1. Inside the range 81-98, can you point out the residues that are in contact (Cβ under 8 Å) with a residue 40 or more places away in the chain, buried (at least 17 other Cβ atoms within 10 Å of the Cβ) and basic (Lys, Arg)?
2. Within the range 186-223, how many residues turn out to be closer than 30 Å to Asp82 by Cβ and free of Cβ contacts under 8 Å to residues at least 12 places away in the same chain?
3. Going by the structure shown, is Val103 crowded, with 19+ Cβ neighbours inside 10 Å, touching a helix residue (DSSP H, G or I) at 6+ places or on another chain (Cβ under 8 Å) and in a strand (DSSP E or B)?
4. Within the range 30-49, take every residue that is farther than 14 Å from Gln224 by Cα and among the hydrophobic types (A, V, I, L, M, F, W, C) and give me the one that is least open to solvent (accessible area, probe 1.4 Å).
5. Of the residues Val66, Val89, only one is in a strand (DSSP E or B) and of a type in the set (A, V, I, L, M, F, W, C); which?
6. Given the structure, is Ser61 of a type in the set (Gly, Ala, Ser), surrounded by fewer than 16 Cβ atoms within 10 Å (Cβ to Cβ) and under 18 Å from Gly190 (Cβ atoms)?
7. Quick test for you: out of Arg245, Arg185, Arg241, pick the one residue that is open to solvent by 70 Å² or more (accessible area, probe 1.4 Å) and at pLDDT 95 or above.
8. Identify, from the list Arg38, Arg80, the residue that is of a type in the set (Lys, Arg), out of contact with any Ser or Thr (no Cβ under 6 Å at 6 or more places or on another chain) and over 18 Å from Pro210 (Cα atoms).
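The values are calculated or read from the model by the stated rules, or taken from the named source; none is laboratory data. All figures in this text were calculated on a predicted structure; none of them were measured in a lab. Here the Cβ positions follow ideal geometry from the backbone for every residue, glycine too, while neighbour counts run over all protein chains shown. Surface areas here come from the heavy atoms of the whole protein model, side chains and all, with no ligands, DNA or RNA. Shrake-Rupley method; radii C 1.70, N 1.55, O 1.52, S 1.80 Å.
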Amino acid sequence: MYRFLLSRQWVILTLLALVLIPTMIELGFWQLHRHEHRVALNRVIADSLEAEPVPAESLTSPGAEVEREDLYRRVTAKGRFDTGHEVVVRRRTNADDEVGYHVLTPFLLDDGKVLLVNRGWIPADAPSQTAFPKIPAPPRGEVTVTGRLMRDQTTEDSGIKNVQGLPERQIMLINSELEAERLGRTVLGGYVELTAPGPAGDTPQLVPAPEHDDIGPHLAYAAQWWLFAAGVPVGWVVLVRREVRERAEAAAEETDAEESAPASV
């Protein structure tokens, strides 16, 4: 009765089911790991934002990579802004999804090192995006800044290509190593998203704190993949039983037809 399972069609269907089941299970675990990663990152962000500010040089140093547990940690630094070497980061959006620039200003520390400070977002309102935009000046003289410590941006992490041949004083990624080469100075690893002092006017708009109460849909996706994996053998059994039933019905009809046929003389 089940010899049809050895047919080419059913062998392929069975092999396909055997491949789909572990694949879907693995996809479910992949989504579960993404959920766990998101939960852990949210915890890091929440702890960092609630912690008291510490000196920037206590968490980073020239050429260093910002540790995961220090991500978004509030830090302080004392020095002065160097607007002469200020650059803008292209293709950045604000809270309203308007496209503009982030303003990256070197901050000269008292010990001579440089801390990169993202002063916030400005609109791309110039007629041409090749021209350097007008940027409101930061406070003059010595000042103490506070901000969230961030990792260097890379193509691998952001998916943004670090395009060459950009207009003067425009960049695609905030990367302390590249900025150290451009400035010819000692630059602390990572950068800071400024939180204080705020701008004198409407711009630059400070970069908002990251959302950290959303765990995303990954757990639901994991359950979905596992349900699909469980449904494959169930579906296979249903198809087999239907095939057996149809073959049995076809055999019965054939028998009835033979019995009802007139005997030959």
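1. Arg90
2. 2
3. Values: crowded, with 19+ Cβ neighbours inside 10 Å: yes; touching a helix residue (DSSP H, G or I) at 6+ places or on another chain (Cβ under 8 Å): no; in a strand (DSSP E or B): yes.
No; evaluated as a whole, the condition is false for this residue.
4. Among those that are farther than 14 Å from Gln224 by Cα and among the hydrophobic types (A, V, I, L, M, F, W, C), it is Ile45.
5. Exactly one of Val66, Val89 is in a strand (DSSP E or B) and of a type in the set (A, V, I, L, M, F, W, C), namely Val89.
6. yes
7. Details: Arg245 fails: at pLDDT 95 or above; Arg241 fails: at pLDDT 95 or above.
Sole residue among the options that is open to solvent by 70 Å² or more (accessible area, probe 1.4 Å) and at pLDDT 95 or above: Arg185.
8. From the options Arg38, Arg80, the qualifying one is Arg80.
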